[in-house]
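These notes are about the structure you will find just below.
The values are calculated or read from the model by the stated rules, or taken from the named source; none is laboratory data. In this text, all values refer to a predicted model and were calculated from it rather than measured experimentally. Cβ sites come from the backbone with ideal geometry, for glycine too, and all protein chains shown count toward neighbours.
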Amino acid sequence: MRYRTVPKTGDRISEIGMGSSFMFNAGQKAGSAAIRRAFEGGINFYDMAAGSGKSFPICGEALKDVRRQVIYQIHFGADYSTGDYAKSYDPDAIRRTLDWQLATLHTDYIDYGFIHCLDAVSDWERYKKNGVLDLIWKMQEEGTVRHVGFSTHTPAVAHHVMDEVPLDLLMFSINPAFDYGRGRLAHGSADDRLDLYRRCEREQVGITVMKAFFAGQLLSEKTSPFGRALSQYQCIRYALDKPGVLSVLPGAQSMEEVEQLLVWGELSDAETDYSELAAFAPPALDGKCAYCNHCKPCPAGLDVGLINKYYDLALAGDGMAKDHYLNLEKTAADCVGCGHCDDVCPFHVPQSSRMQEIRTYFGR
Ligand code: SF4
Ligand code: SF4
């Protein structure tokens, strides 16, 4: 497993976490064994916005003796009083369900307390008015909540919240369908969405990713909006390549599905290459580097995707991007202009001339 660091908190979280209602169909014993295997295979990040309350005792049993080594993302506004998920704005119900979640997970603290599912600014205003936001801050002061984040599907709502309060994490839905304007939850244009990812990187708000497979639709040619199936690994890498992203949170309902996720760190670039998506990208993204590294290997040894990411972040006002760039072993100054990347780039980026532009911008 590979890990990324939450910029503001220093927590090291696995590139693949567990989310999306995991294990609730597996049964207590088999589910706990599979979650234990996930932990032993390196998955240390667990999102608890589960579709069923059954995920909690499964996770609690599997991880109670290693609680300090795992990180829970727990949602203020997800209610399990009926046994199934329901969204709630009732502060008493939210408090009761939090107590139940903590007891069931065998813990007395929350790593990341999340304001849950803000799909309109009015959701945010309700959580402010009904005292749930204050409850999170109070629990943070008391030490029960270590850090604070929020979840949304909508870039405009994310900007609104980030304009108002400092936060550590954002859970956001990232997949090529939504980024390319397909699907009911494809909020914001491709550029709007990219702007949000870049803002998160710039302001050191880490992104954890939900719906990376578009509710599984991208994994089948029958349901994919592109008419062809992608692998889960292509979808995971697609999300991880976006600025600000730290971890992708797929679900798993069995030991076998956990094992499929645990091979992540051993896959080759070819097995995760998603460049075929370029054929479906909206015109706004044509000619823009997607950081996909399909053009690897560069004969001069440049990490073309990363160099482009730092350049775009610097242009978007990220003060740290220049330092990151200048610390690279190879920079645009090492480009020999061979034209290989121009020839193979599926997104039609005139990369060799862009390297000259980047060299001029950074001075090396
Ligand atoms: S230049 Fe093209 S192939 Fe290379 S990383 Fe950028 S988008 Fe991918
Ligand atoms: S043009 Fe430059 S960046 Fe592109 S492959 Fe050749 S050496 Fe590498």
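Look at C341 and say whether it is in contact (Cβ under 8 Å) with a residue 40 or more places away in the chain and either of a type in the set (A, V, I, L, M, F, W, C) or away from ligand 1 (no atom under 14 Å from the Cβ) (or both). Step through it out loud before you land on a result.
Working: in contact (Cβ under 8 Å) with a residue 40 or more places away in the chain: yes; either of a type in the set (A, V, I, L, M, F, W, C) or away from ligand 1 (no atom under 14 Å from the Cβ) (or both): yes.
So C341 fits the description; yes.
Quick test of your reading of the structure: Y89 fulfils all but one of (1) at pLDDT 95 or above; (2) part of a loop (DSSP other than H, G, I, E, B). Name the failing condition by number.
(1)
For D318, are the conditions met, namely being surrounded by 13 or more Cβ atoms within 10 Å (Cβ to Cβ), more than 15 Å from ligand 1 (Cβ to nearest atom) and at pLDDT 95 or above?
On the way: surrounded by 13 or more Cβ atoms within 10 Å (Cβ to Cβ): yes; more than 15 Å from ligand 1 (Cβ to nearest atom): yes; at pLDDT 95 or above: no.
Spelling it out, it is not the case that D318 is surrounded by 13 or more Cβ atoms within 10 Å (Cβ to Cβ), more than 15 Å from ligand 1 (Cβ to nearest atom) and at pLDDT 95 or above.
Would you mind telling me which numbered condition in (1) assigned to a helix (DSSP H, G or I); (2) away from ligand 2 (no atom under 16 Å from the Cβ); (3) farther than 20 Å from D192 by Cα; (4) touching a Lys or Arg at 6+ places or on another chain (Cβ under 8 Å) P225 fails?
Among (1) assigned to a helix (DSSP H, G or I); (2) away from ligand 2 (no atom under 16 Å from the Cβ); (3) farther than 20 Å from D192 by Cα; (4) touching a Lys or Arg at 6+ places or on another chain (Cβ under 8 Å), the lone unmet condition for P225 is (1).
Any chance segment 289-305 includes a residue that's outside the structural domain of C345 (by TED's automatic domain parsing), within 16 Å of ligand 1 (Cβ to nearest atom) and β-branched (V, I, T)?
So far as segment 289-305 goes, no, none of its residues is outside the structural domain of C345 (by TED's automatic domain parsing), within 16 Å of ligand 1 (Cβ to nearest atom) and β-branched (V, I, T).
Does any residue of segment 48-68 turn out to be in a loop (DSSP other than H, G, I, E, B), in the same structural domain as Y109 (by TED's automatic domain parsing) and surrounded by fewer than 20 Cβ atoms within 10 Å (Cβ to Cβ)? Step through it out loud before you land on a result.
In the first step, residues of segment 48-68 are kept if they are in a loop (DSSP other than H, G, I, E, B); the result is 48-51, 53-54.
Next cut, in the same structural domain as Y109 (by TED's automatic domain parsing) only: 48-51, 53-54.
So of that shortlist, the ones also surrounded by fewer than 20 Cβ atoms within 10 Å (Cβ to Cβ) come out as 51.
Among the residues of segment 48-68, at least one is in a loop (DSSP other than H, G, I, E, B), in the same structural domain as Y109 (by TED's automatic domain parsing) and surrounded by fewer than 20 Cβ atoms within 10 Å (Cβ to Cβ), which makes the answer yes.
Among the residues of segment 105-127, is there at least one that is assigned to a loop (DSSP other than H, G, I, E, B) and in contact with a Cys (Cβ under 8 Å, 6 or more places away or on another chain)? Outline the logic, then answer.
Residues of segment 105-127 assigned to a loop (DSSP other than H, G, I, E, B): 105-109, 116-120.
Next, only the ones that are in contact with a Cys (Cβ under 8 Å, 6 or more places away or on another chain) stay: 105.
Scanning segment 105-127 turns up at least one residue that is assigned to a loop (DSSP other than H, G, I, E, B) and in contact with a Cys (Cβ under 8 Å, 6 or more places away or on another chain).
What are the residues in segment 193-222 that are closer than 30 Å to G10 by Cβ, part of a helix (DSSP H, G or I) and of a type outside the set (F, W, Y), if any? Spell out how you get there, then give the answer.
Filtering segment 193-222 for residues closer than 30 Å to G10 by Cβ gives 193-213.
Filter once more, so that each one left must be part of a helix (DSSP H, G or I): 193-202.
R193, L194, D195, L196, R198, R199, C200, E201, R202, listed by residue number.
Working only within segment 114-156, note down all residues that are within 17 Å of the chain's Cα centre (by Cα) and of a type in the set (A, V, I, L, M, F, W, C).
F114, I115, C117, L118, V148, F150
Conditions first: (1) at pLDDT 95 or above; (2) within 14 Å of ligand 1 (Cβ to nearest atom); (3) under 21 Å from the mean Cα position of the chain (by Cα). V263 passes all but one, so which condition is the exception?
Exception for V263: condition (2).
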